[in-house]
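Enquirer: Here it is, the structure, as structure tokens.
The values are calculated or read from the model by the stated rules, or taken from the named source; none is laboratory data. Please read all numbers here as calculations on a predicted model, not as lab measurements. With ideal geometry, Cβ positions are generated from the backbone for all residues, glycine too; neighbour counts draw on all protein chains shown. The accessibility values were calculated without ligands, DNA or RNA, using every heavy atom of the protein model including side chains. Shrake-Rupley method; radii C 1.70, N 1.55, O 1.52, S 1.80 Å.
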Amino acid sequence: MKASLALLFLLLAAAGARDPFACDPRDAATETLPFCRADLRAEERVRDLIGRLTLQEKVRLLGNNAAAVPRLGIRGYEWWSEALHGVSNVGPGTRFGGAFPGATSFPQVISTVASFNASLWEEIGKVVSDEARAMYNGGVAGLTYWSPNVNILRDPRWGRGQETPGEDPLVAGEYAARYVRGLQGTEDGDRLKVAACCKHYTAYDLDNWSGVDRFHFNAKVTKQDMVDTFDIPFRSCVKEGNVASVMCSYNQVNGVPTCADPKLLRGTVRGAWRLNGYIVSDCDSVGVFYDSQHYTSTPEEAATDAIKAGLDLDCGPFLGVHTENAVQKGLLKESEVDLALFNTITVQMRLGMFDGEPSSHPYGSLGPNDVCSPPHQELALEAARQGIVLLKNQGPVLPLSTRRHHPIAVIGPNSDVTLTMIGNYAGVACGYTTPLQGIRNYARAIHQPGCADVACASDALFGGAIEAARTADATVMVMGLDQSVEAEFKDRTGLLLPGRQRELISKVAAASKGPAILVLMTGGAVDVSFAKHNSKIGAIVWAGYPGQAGGAAIADVLFGAHNPGGKLPMTWYPQKYLNNLAMTAMDMRPNLSKNYPGRTYRFYQGPVVYPFGHGLTYSNFVHTIAEAPKMVYVPVDGRHHSNTTGLASQSVRVTHARCGRLSLSFSVDVRNVGSRDGSHTVLVFSSPPGGVWAPHKQLVAFEKVRVGAGRQERVPIRIHVCKHLSVVDTAGIRRIPMGDHALSIGDLKHSVSLQPQTLGVIKS
């Protein structure tokens, strides 16, 4: 047996496979220890291991670069890896090279979410975790991925908005749960394929704006907005996605650093939501609240506050340096350090890291052939297609014809880019198809960039672009932004296109012999009102940051090989929306007496360039409600309704209702009356009865359906009453307004009356 094991390990070493993290079968001194016994419960194994560690060994496990414990056969481990939209090398836990030169790079999250296809989100997660496991098996990646970013896109200037699922809490929460399920796997009980992490908790949506940065920002958030908006994606991630980790953010919330706030970490994330996993700081956050925010007087107090609040792991060295002194000074108990380690090591156990040789584990056979495989790259292309949003199609001028439109003038600073397409927190892509290359797969192209880069500071290259437009049968301008304009620690100051891009677009469109199409490659919204109202610009397409296959997807849409079906996951505001609007103002609801317009489509009712949920297709879809109730009874215990300040009607506290499976179910028939097959997103909005603080409308359900030309599909809709037809009052209490809720699906309207049904009395 020993000889066969030795031969196995020699073969694995020759193949470049990873040595065991711990519990190596070749190590007779450790393989029989209780923490190495896979037949024991994880809790027993973890407690056994912690009981064998010295205090010095324990504190060296509190940082992302966790030290080895050689006497127990445990190797060092780097916790920090990233997989926002593909395996990334942003964190030190992952590297490319050798048998793993790259990984599939999917569209940036804001683009993927524009598909409104929840099954696609989960499928992408499965592919990313396949590639992550393969790279782990090959010794070049970890198993703990600090993704996804599920912060709400509250302000359109935020440089990291591109990483998020947009501005709507329901969509962000559904994305969080589905992507996490895809990453972590759902097939093997409590075992994890990889460990995901939802970040950054909470109210984090400012990096560096007008002299205020994330390291010093105190987000002043009402209880109402916290429950109604900021908490929702994280709650869904923990409760429905069963995520293995949550990351706290740099900023303070109402004067307390999030990574030192026991109400947020121990009270909400681990207590109310029952996180089964660990809580990690954003990198150097503990050091930041000591050094930059001066929240504590000594570093030992900072370490104490973080661990007592519920922090288990520090991305950075701070806890590793100062925790032992905090224990020796009596500020912190060693048992509190043990609790933090219990949470992190339990996740490692669930990942199989203490189960010996990795090739014998589930997913142990994944290797280089499972990274950048043809099916994975095809999914990246399909995701890019589904995330493209057709904003304008006058005439219509799209799709272009391969017979009539040749040559094509391809113009703009983003027309032949590669890295721009994959946005931030990306890795090394398998390969790229640029917009120019994609268009050349359909027609001959004349390429003139017009601007040297997106800054477009000079008109020196305008002449060639204008001349190309004069001679071509159609003109495609690929403009927009890149990471030099919007990125981590780089918020925008406005919503206009940079430099002289507008001038170039207008001049090229005016000169164009054939139809002029504007393709925008951006993460955030831009004010393109000038193009929307310019009759010479026949179509506008938002491609987001479409990933490694973005150019092919753009061309497929332009030439009609793919019928676009994406919808905007965020509002596109006009530039004047920002007049006197500070990024630091966190209130979601408007205050018209102070000229405060409110945030997102749920509360802002002013003019927009394009609204949340906007997106055209080459087909025409018609909705009909097939069957829907007009009244739903809400079973209520005790004092079932009360007049509440701000509510025009009666309401029921969600905690007093028998929520369970209480839902509003109905069906919508979707008919494609166009001549092309296509996919359509059914967006169901509700306008609740209520007062000034209720959203004027909110998304309560969405479903993606594919409908053939001239055909009809019936789409079942199920709305959880307590979750999605409730609102939050000024005290942060979620209530279900009784009375008529106005549902809208496109131009279709339907009213449902919620009425209380008393089942018993609760004694106060």
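Enquirer: Filter the range 317-327 for residues that are over 13 Å from Ala67 (Cα atoms) and of a type outside the set (A, V, I, L, M, F, W, C); which is least open to solvent (accessible area, probe 1.4 Å)?
Expert: Result: Thr323.
Enquirer: Quick one: which residue in Arg470, Arg444, Arg500, Arg403 is open to solvent by 10 Å² or more (accessible area, probe 1.4 Å), at pLDDT below 95 and farther than 22 Å from Tyr545 by Cβ?
Expert: Arg403
Enquirer: Does at least one position in the range 515-529 carry a residue that is under 15 Å from Asp453 (Cβ atoms) and open to solvent by 40 Å² or more (accessible area, probe 1.4 Å)?
Expert: No; the residues of the range 515-529 include none that is under 15 Å from Asp453 (Cβ atoms) and open to solvent by 40 Å² or more (accessible area, probe 1.4 Å).
Enquirer: Also: Go through (1) under 23 Å from the mean Cα position of the chain (by Cα); (2) open to solvent by 40 Å² or more (accessible area, probe 1.4 Å) and name the single condition Leu265 misses.
Expert: Here Leu265 clears every test but (2).
Enquirer: Can I ask one more? Among (1) open to solvent by 10 Å² or more (accessible area, probe 1.4 Å); (2) in contact with a helix residue (DSSP H, G or I) (Cβ under 6 Å, 6 or more places away or on another chain), there is one condition Gly185 misses while meeting the rest; what is its number?
Expert: All conditions are met except number (2).
Enquirer: Here is a further query. When you scan the range 142-160, how many residues do you find that are assigned to a strand (DSSP E or B) and within 10 Å of the chain's Cα centre (by Cα)?
Expert: Total satisfying the criteria: 1.
Enquirer: Please tell me if Gly480 is touching a residue at least 24 places away in the same chain (Cβ under 8 Å) and farther than 20 Å from Gly395 by Cβ.
Expert: It is true that Gly480 is touching a residue at least 24 places away in the same chain (Cβ under 8 Å) and farther than 20 Å from Gly395 by Cβ.
Enquirer: Related question: Only residues in the range 502-516 that are charged (D, E, K, R) count as the first member; pair them with residues that are open to solvent by 10 Å² or more (accessible area, probe 1.4 Å) and part of a loop (DSSP other than H, G, I, E, B), Cβ under 8 angstrom, at least 6 apart or cross-chain, and list the lot.
Expert: Arg502/Leu496; Glu503/Asp459; Lys513/Asp473
Enquirer: Please determine whether any residue of the range 621-644 is open to solvent by 60 Å² or more (accessible area, probe 1.4 Å), part of a strand (DSSP E or B), modelled with pLDDT under 95 and more than 16 Å from Ile717 (Cβ to Cβ).
Expert: yes
Enquirer: Inside the range 603-620, can you point out the residues that are among the aromatic types (Phe, Trp, Tyr) and either assigned to a strand (DSSP E or B) or on the phi > 0 side of the Ramachandran plot (or both)?
Expert: Passing the criteria: only Tyr610.
Enquirer: Output the residues belonging to the range 65-88 that are buried (at least 20 other Cβ atoms within 10 Å of the Cβ) and touching a Lys or Arg at 6+ places or on another chain (Cβ under 9 Å).
Expert: If the condition is that a residue be buried (at least 20 other Cβ atoms within 10 Å of the Cβ) and touching a Lys or Arg at 6+ places or on another chain (Cβ under 9 Å), then Ala66 is the only one that fits.
Enquirer: Of a type in the set (Lys, Arg) and open to solvent by less than 40 Å² (accessible area, probe 1.4 Å), is that true of Arg45?
Expert: yes
Enquirer: Okay, moving on. Could you please find all residues in the range 559-581 being within 30 Å of Pro399 (Cβ to Cβ), surrounded by fewer than 19 Cβ atoms within 10 Å (Cβ to Cβ) and not aliphatic (A, V, I, L, M)?
Expert: Gly560, Pro574
Enquirer: Considering only residues of the range 350-363 that are modelled with pLDDT of 95 or more and either basic (Lys, Arg) or open to solvent by less than 10 Å² (accessible area, probe 1.4 Å) (or both), which is nearest to Arg18 (Cα to Cα)?
Expert: Checking each candidate, the answer is Met353.
Enquirer: Can you list residue pairs whose Cβ atoms sit under 8 Å apart, with the first residue in the range 349-376 being on the phi > 0 side of the Ramachandran plot and the second being in a helix (DSSP H, G or I) and polar (S, T, N, Q)? Count only pairs 6 or more apart in sequence or on different chains.
Expert: Tyr363/Asn137
Enquirer: If a residue must be among the basic types (Lys, Arg) and either under 19 Å from Ala582 (Cα atoms) or surrounded by 24 or more Cβ atoms within 10 Å (Cβ to Cβ) (or both), how many such residues does the range 503-514 contain?
Expert: Result for the range 503-514: 0.
Enquirer: State all residues of the range 233-268 that are of a type in the set (Val, Ile, Thr), touching a strand residue (DSSP E or B) at 6+ places or on another chain (Cβ under 8 Å) and more than 22 Å from Lys193 (Cα to Cα); if no residue qualifies, say none.
Expert: Matches in the range 233-268: Val253, Thr258.
Enquirer: Quick check on my filter: what residues within the range 118-129 are of a type outside the set (Ser, Thr, Tyr) and surrounded by 24 or more Cβ atoms within 10 Å (Cβ to Cβ)?
Expert: Within the range 118-129, Trp121, Ile124, Gly125, Val127, Val128 qualify.
Enquirer: Within the range 113-141, which residues are among the small types (Gly, Ala, Ser), more than 18 Å from Tyr610 (Cα to Cα) and in a loop (DSSP other than H, G, I, E, B)?
Expert: Passing the criteria: Gly138, Gly139, Ala141.
Enquirer: May I pose another question? Of all helices (runs of 4 or more DSSP H) completely enclosed by the range 390-477, which ones contain at least 1 residues that are under 26 Å from Gly566 (Cβ atoms) and out of contact with any strand residue (DSSP E or B) (no Cβ under 8 Å at 6 or more places or on another chain)?
Expert: So the answer is 419-422, 435-440.
Enquirer: Next question. Starting from residues that are open to solvent by 20 Å² or more (accessible area, probe 1.4 Å) and out of contact with any Ser or Thr (no Cβ under 9 Å at 6 or more places or on another chain), keep the ones in the range 96-117 and report whichever is nearest to Trp146 (Cα to Cα).
Expert: This residue is Phe96.
Enquirer: Then there is this: Filter the range 13-61 for residues that are β-branched (Val, Ile, Thr) and free of Cβ contacts under 8 Å to residues at least 12 places away in the same chain and give the result.
Expert: Those that are β-branched (Val, Ile, Thr) and free of Cβ contacts under 8 Å to residues at least 12 places away in the same chain: Thr32, Thr54.
Enquirer: Looking at Ser245, Ser285, Ser249 in this structure, which one is more than 23 Å from Met588 (Cβ to Cβ), small (Gly, Ala, Ser) and within 18 Å of the chain's Cα centre (by Cα)?
Expert: It is Ser245.
Enquirer: Does the range 376-386 include one or more residues that are touching a strand residue (DSSP E or B) at 6+ places or on another chain (Cβ under 9 Å), at pLDDT 95 or above and under 30 Å from Phe559 (Cβ atoms)?
Expert: Within the range 376-386, one or more residues are touching a strand residue (DSSP E or B) at 6+ places or on another chain (Cβ under 9 Å), at pLDDT 95 or above and under 30 Å from Phe559 (Cβ atoms).
Enquirer: Give me the residue from the range 218-232 that is in contact with a strand residue (DSSP E or B) (Cβ under 7 Å, 6 or more places away or on another chain) and not β-branched (Val, Ile, Thr) and, out of that set, most open to solvent (accessible area, probe 1.4 Å).
Expert: Residue satisfying both the conditions and the ranking: Asn218.
Enquirer: Okay, next question. Looking at the range 1-89, what helices (runs of 4 or more DSSP H) fall wholly within it and have at least 2 residues that are modelled with pLDDT under 95 and out of contact with any strand residue (DSSP E or B) (no Cβ under 7 Å at 6 or more places or on another chain)?
Expert: 2-14
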